[in-house]
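**Student:** My questions all concern the structure below.
The values are calculated or read from the model by the stated rules, or taken from the named source; none is laboratory data. Quantities reported herein were computed from a predicted structural model and do not represent experimental measurements. Here the Cβ is made from the backbone with ideal geometry for all residues, glycine too, and neighbour counts use every protein chain on show. Heads up: the accessible areas ignore ligands, DNA and RNA and are worked out on the full protein's heavy atoms, side chains in. Shrake-Rupley method; radii C 1.70, N 1.55, O 1.52, S 1.80 Å.
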Amino acid sequence: VKDATLLNHAPLSKLAADNVPLVGPIYQSVKFTTKPWRALSPAELKSSYFYSRESNPTVRQLETALARVSRREDAVAVGSGVAALSCALLAQLKAGDHVLLFVESYKPTRHLVRRLLGKFGVSHTMVSVAEAARLQKHLRRGKTRALLFESPTNPMTRVVDAAALAAFARKNRILTILDATFGGLHNHRDVPIDLMVQSLTKFAGGHGDVMGGAVLGRKELLAPVREAAVHLGPVLDPHAAFLILRGLKTYAVRWERHCRNAQKVAEALAIHPKVARVLYPGLPSHPDHSLALRQLEGFGAVVAFDLGPSFSGTERFLRRLKIFQVAASLGSTESLAAPGELFFAGDLSAREKKLAGITRNTVRLSVGLEDADDLIADLERALK
Ligand SMILES: Cc1ncc(COP(=O)(O)O)c(C=O)c1O
């Protein structure tokens, strides 16, 4: 054969059965060959790889790792956290269904339910987490199919009683979907939520250089989610899956440091005269502190606060930060600051913003892994 043919068919390295790499390889291949299809047993058909939009060994390694750490039966990994939310919702809902959600949720999540699903005949009711214990009156008989919530919430870090919501949903035969991104991978393990959603872009990847998302839960509930993912196509690339798998190795150490730094930053802000209010679930002054102590192992990286009345808006303050970078996202190594109203509340009415507790002076921090004293000094300098 000629060079062009030869070079297109480089033989794969063959490893003996007991000679295995310690780090899983990146199966950066779209296609996989098998023995003739007709010769495959049903079990082989199920476990074989054919085409990477449907399944890929590196992505599968990640799914297995996520299911194990979250103590769920299985996981479906996709290209972003929003893709995970949309696959979960589209798989479980149909025209005529009704969804309950909270004002205190990520803006694209609200968009997905209010705008996109609305176009396909799914109705919704959006209430504040302050009403979480009184949801009964918002149920629509025979129609309410799902309760979608976050904990802690983006951006104001409210903690929702996940076990109480799960019990309420079970009693009323509605599906619970918890976006657990702010609480990381190890929290909410024992809560009987039907589907858990994670943005892997945050604490799982951890370095701000890769996007991914996952839906976790019982296999039976995940089957339609996987089907939706295969047919809608928000694939997680194997190289991205590899980077997230690499991130997972340091997850526990990073989580601890994020939480320690965030606690110190929150405490420093709480006593600063130019700060009107600080929300961090680890502060005793947080409205859900006692619930957070029961429900969470570590309070996460996000601290929300309101600048005091000497500021009219967040811009002047944000422009003076040097270590904190002004950007969206959270849970990566570097510290970030974002204007709360501009980034997270553009779709909310004045009344809804009030319910969510977001003002023009609200700042959301994602506290990174730098030295906490340097971070506090940066904030104090900008406040001055
Ligand atoms: C709570 C929450 N859910 C979902 C997402 C979406 O994740 P992604 O950006 O990976 O789509 C985010 C992103 O900030 C988030 O904060």
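**Student:** Pick out the one residue from VAL230, VAL235, VAL278, VAL225 that is among the β-branched types (Val, Ile, Thr), in contact with a Ser or Thr (Cβ under 8 Å, 6 or more places away or on another chain) and either assigned to a helix (DSSP H, G or I) or under 28 Å from ASP371 (Cα atoms) (or both).
**Tutor:** So the residue among VAL230, VAL235, VAL278, VAL225 that is among the β-branched types (Val, Ile, Thr), in contact with a Ser or Thr (Cβ under 8 Å, 6 or more places away or on another chain) and either assigned to a helix (DSSP H, G or I) or under 28 Å from ASP371 (Cα atoms) (or both) is VAL278.
**Student:** On the given criteria, is ARG158 modelled with pLDDT of 95 or more, out of contact with any Ser or Thr (no Cβ under 8 Å at 6 or more places or on another chain) and farther than 18 Å from ALA228 by Cα?
**Tutor:** No.
**Student:** Name the residue that is nearest to GLY282 (Cα to Cα), counting only residues in segment 236-261 that are open to solvent by 10 Å² or more (accessible area, probe 1.4 Å) and within 14 Å of the ligand (Cβ to nearest atom).
**Tutor:** The extreme case among them is LEU243.
**Student:** Taking only segment 125-154 into account, find how many residues are part of a loop (DSSP other than H, G, I, E, B) and surrounded by 14 or more Cβ atoms within 10 Å (Cβ to Cβ).
**Tutor:** 7
**Student:** I've got another one for you. From the list GLY368, GLY340, GLY346, GLY331, pick out the single residue that is open to solvent by 20 Å² or more (accessible area, probe 1.4 Å) and either within 25 Å of the chain's Cα centre (by Cα) or touching a residue at least 24 places away in the same chain (Cβ under 8 Å) (or both).
**Tutor:** GLY346
**Student:** Still on this structure: Condition (residue is free of Cβ contacts under 8 Å to residues at least 12 places away in the same chain and within 16 Å of the ligand (Cβ to nearest atom)) applied to segment 274-285: is it met by at least one residue?
**Tutor:** No.
**Student:** Then there's this: Could you tell me whether segment 75-86 includes any residue that is within 16 Å of the ligand (Cβ to nearest atom), of a type in the set (Val, Ile, Thr) and assigned to a helix (DSSP H, G or I)?
**Tutor:** yes
**Student:** Still on this structure, please answer the following. Which of the residues spanning segment 103-119 are farther than 30 Å from SER290 by Cβ and either surrounded by fewer than 20 Cβ atoms within 10 Å (Cβ to Cβ) or among the small types (Gly, Ala, Ser) (or both)?
**Tutor:** Of everything in segment 103-119, those that are farther than 30 Å from SER290 by Cβ and either surrounded by fewer than 20 Cβ atoms within 10 Å (Cβ to Cβ) or among the small types (Gly, Ala, Ser) (or both) turn out to be PRO108, HIS111, ARG114, ARG115, LEU116, GLY118, LYS119.
**Student:** Taking into account only those residues within segment 329-342 that are polar (S, T, N, Q) and away from the ligand (no atom under 15 Å from the Cβ), which is farthest from VAL363 (Cα to Cα)?
**Tutor:** Only one residue fits best here, namely THR333.
**Student:** May I ask you to list the residues in segment 14-49 that are surrounded by 14 or more Cβ atoms within 10 Å (Cβ to Cβ) and either among the hydroxyl-bearing types (Ser, Thr, Tyr) or under 21 Å from VAL225 (Cβ atoms) (or both)?
**Tutor:** TYR27, SER29, SER48, TYR49
**Student:** Name the residues in segment 155-186 that are under 13 Å from the mean Cα position of the chain (by Cα), surrounded by 22 or more Cβ atoms within 10 Å (Cβ to Cβ) and in a loop (DSSP other than H, G, I, E, B), would you?
**Tutor:** Scanning segment 155-186 gives PRO155, ALA180, GLY184, LEU185.
**Student:** Is at least one residue of segment 130-150 within 11 Å of the ligand (Cβ to nearest atom) and either in contact with a Pro (Cβ under 9 Å, 6 or more places away or on another chain) or farther than 19 Å from PHE344 by Cα (or both)?
**Tutor:** no
**Student:** Residues VAL122, VAL76, VAL59: which one is open to solvent by less than 20 Å² (accessible area, probe 1.4 Å), at pLDDT 95 or above and out of contact with any helix residue (DSSP H, G or I) (no Cβ under 6 Å at 6 or more places or on another chain)?
**Tutor:** It is VAL122.
**Student:** Additional query: I need the full set of residues from segment 187-214 which are within 8 Å of the ligand (Cβ to nearest atom), open to solvent by less than 10 Å² (accessible area, probe 1.4 Å), part of a loop (DSSP other than H, G, I, E, B) and hydrophobic (A, V, I, L, M, F, W, C), in order please.
**Tutor:** LEU200
**Student:** Continuing with the same structure: Looking at segment 307-328, which of the residues that are open to solvent by 10 Å² or more (accessible area, probe 1.4 Å), in contact (Cβ under 8 Å) with a residue 40 or more places away in the chain and touching a Ser or Thr at 6+ places or on another chain (Cβ under 8 Å) is farthest from the ligand (Cβ to nearest atom)?
**Tutor:** By that ranking, first place goes to ILE323.
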